[in-house]
Amino acid sequence: MADDAFLRIQNLVKDFDGQRAVDDVSIDIARGEVFALLGSSGCGKTTLLRMLAGFETPSSGTITLAGQDLAGLPPYARPMNMMFQSYALFPHLSVFDNIAFGLRRDALPKGEVAARVEAMLKLVQLGSYAKRKPHQLSGGQQQRVALARSLARKPQLLLLDEPLGALDRKLREETQLQLANIVHDVGVTCVMVTHDQEEAMTMASRIAVMSEGRFLQVGAPAEIYETPATRFVADFVGNVNLMEGRVVVDEADHVVVDCGDVQHHVGHGITGTLGMPVTVALRPEKIRIAPLPADAVGTSTEDFNRAVGTVKELTYFGSHTVYHLLLASGRVLKISQGNAERQPDARLTWGDRAEASWSTLAQVVLTR
């Protein structure tokens, strides 16, 4: 692990009544980094966040922040703030007083409290809302007040627990960028918990995908999406076609994987052996689809990175259309095609015969 780690988690374990919620987790997080814990409900991400905050005591392992061991420190004595999904704003206090609450508890001078609250209101662009009560604000505005309150005490570490979970989809998408920009502008180190992959991809500089208390993969958003390490990660982050097969050609610069009705020519080598079982992951947006000419034939064992089938389902999303292509074997390929033209001349519809194809660099071969 890096010697200059700002937040260091080493061999952290948490057991509840014999059940392991967090299982020997270790990670270094750099100063100023936005780090996301991504996983489904019950994977241990919130328990890990609560141990950082001091609300849960580790069964074993250590947490150090800027070289300080946090063991034994109660939540109020830790140099961090936690922003909850519910925001936990005081309904009887104004926006100004909500942001000032923690500063007043710290007995800061009145002038300093006012100056810091004004700076926070400017940061979150709510200066004209200072006298309003929380119920007079939209969900996105309440979220920004909660963030301003969390940042007002200048924490060394900001913890976000499903920060946008209470917002509807459209507002959540708008607020993701606002929140990411604010956190970046302040430069605070941030650990966030989310089950929303888009939220993690938009806001985080690195992501840890969690399952059953462990980190399955840690990396930048593009790395997690484009080169998943396991079937679980590939399936959890984004949409994907997963195809079981065996390696039938194993060369240093390419492999061929036989998946029955689909033959994959992959333009890079893998760490494996001839004949070994593997899973090929292929993202829907990396597949091209086109109408099949009337005189065209189906695929053969010589055809690589190509499949012929019938359009079983299609869903129009405006910016793109998702097709479900039914192959002769019964396999269904999910294909996402951007709608670049306003009125395409040859639009596929239900029951049409179509051909799918993809490049030799579109696939990822998974061995676990």
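Taking the chain as the reference, fit the longest principal axis to its C-alpha atoms, fit the long axis of helix 95-105 to the helix C-alpha atoms, and give the angle between the two in degrees, 0 to 90, nearest 10.
Its long axis makes an angle of about 60 degrees.
Please report, in debye to the nearest 20, how large the charge dipole of the chain is about its Cα centre when each Lys and Arg carries +1 at its beta carbon and each Asp and Glu carries -1 there. Write down the numbers at each step before the final one.
On the way: 37 positive and 42 negative charges, 358 e Å.
Here the size comes out at about 1720 debye.
Quick one: length gained pulling residue 135 to residue 312 fully straight, 0.36 nm per residue minus the C-alpha distance?
Working: separation 177, 0.36 × 177 = 63.72 nm, distance 4.75 nm.
Full-extension gain reported as 59.0 nm.
Can you return the lysines within cross-link range of residue 286? Criterion is Cα-Cα under 18 Å, with same-chain partners fewer than 8 residues away left out.
Straight-line reach from residue 286, under 18 Å: 334.
Cβ neighbours within 10 Å, averaged per peptide: list 193-206, 121-134, 234-247 in order, most packed at the top. Please list the in-between numbers first.
Working: 193-206: 20.4, 121-134: 15.5, 234-247: 18.1.
Listed from highest to lowest mean packing, they are 193-206, 234-247, 121-134.
May I ask for the Rg/Rh ratio of the chain, computed from Cα atoms with Rh as the Kirkwood radius, given to two decimals?
On the way: Rg = 25.1 Å, Rh = 23.5 Å.
My calculation of the ratio gives 1.07.
If R0 is 56 Å, what FRET efficiency do you get for residue 319 and residue 55 from their C-beta distance, rounded to 0.05?
Numbers: r = 41 Å, r/R0 = 0.73.
That pair, residue 319 with residue 55, gives E of 0.85.
What spacing in nm lies between the two simple spin-label points modelled at residue 76 and residue 4, each 7 Å away from Cα in the Cβ direction?
Between residue 76 and residue 4, the label points sit 3.7 nm apart.
List the aspartates and glutamates whose Cα sits under 13 Å from the Cα of residue 122, skipping any in the same chain fewer than 8 residues away.
Qualifying aspartates and glutamates at Cα under 13 Å: 185.
Please work out the FRET efficiency for the pair residue 361 and residue 328, using the Cβ-Cβ distance as r and a Förster radius of 25 Å; give the result to the nearest 0.05. All intermediate terms of the calculation are to be shown ahead of the outcome.
Numbers: r = 26 Å, r/R0 = 1.06.
That pair, residue 361 with residue 328, gives E of 0.40.
Rounding to the nearest 10 and keeping the result within 0 to 90°, find how far the Cα-based axis of helix 110-123 lies from the longest principal axis of the chain.
Computed tilt is about 20 degrees.
Which value in deg cm²/dmol, rounded to the nearest 500, describes the helix-derived mean residue ellipticity at 222 nm for the chain, given -39,500 (n - 2.57) per DSSP H run of n ≥ 4 and division by the residue count? Each step should come with its number before you reach the end.
On the way: 8 runs with 85 residues, N = 368.
Taken over the chain, the calculation gives -7000 deg cm²/dmol.
I need the phi-derived Karplus couplings for the range 222-238: 6.51 cos²θ - 1.76 cosθ + 1.60, θ = phi - 60°, integer Hz, Gly and Pro marked x.
Per-residue couplings from phi come out as 5, 5, 4, 6, 7, 10, x, 8, 9, 4, 4, 5, 4, 7, 7, 9, x Hz.
Amide H neighbours of residue 217 under 5 Å, at least 5 residues apart or on other chains, H built in the peptide plane: list them.
209
Can you work out the FRET efficiency for the pair residue 68 and residue 303, with r the C-beta to C-beta distance and R0 = 51 Å, to the nearest 0.05? Could the numbers behind the result be given before it?
Numbers: r = 61 Å, r/R0 = 1.20.
So the FRET efficiency works out to roughly 0.25.
When the Karplus curve 6.51 cos²θ - 1.76 cosθ + 1.60 is applied with θ = phi - 60°, which whole-Hz ³J(HN,Hα) does each residue of the range 46-53 get, with x for Gly and Pro?
Karplus-based 3J(HN,Hα) across the range 46-53 equals 6, 4, 4, 5, 5, 5, 4, 6 Hz.
Helix 169-186 sits at what angle to the longest principal axis of the chain, using alpha carbons and giving 0 to 90 degrees rounded to 10?
60 degrees
Every number in this text was worked out from the coordinates using simple rules, so none of it is lab data. What you are looking at is a predicted structure, and each value in this text was computed from that prediction instead of being measured. Here Cβ is always computed from backbone atoms with ideal geometry, including for glycine, and neighbour counts include all displayed protein chains.
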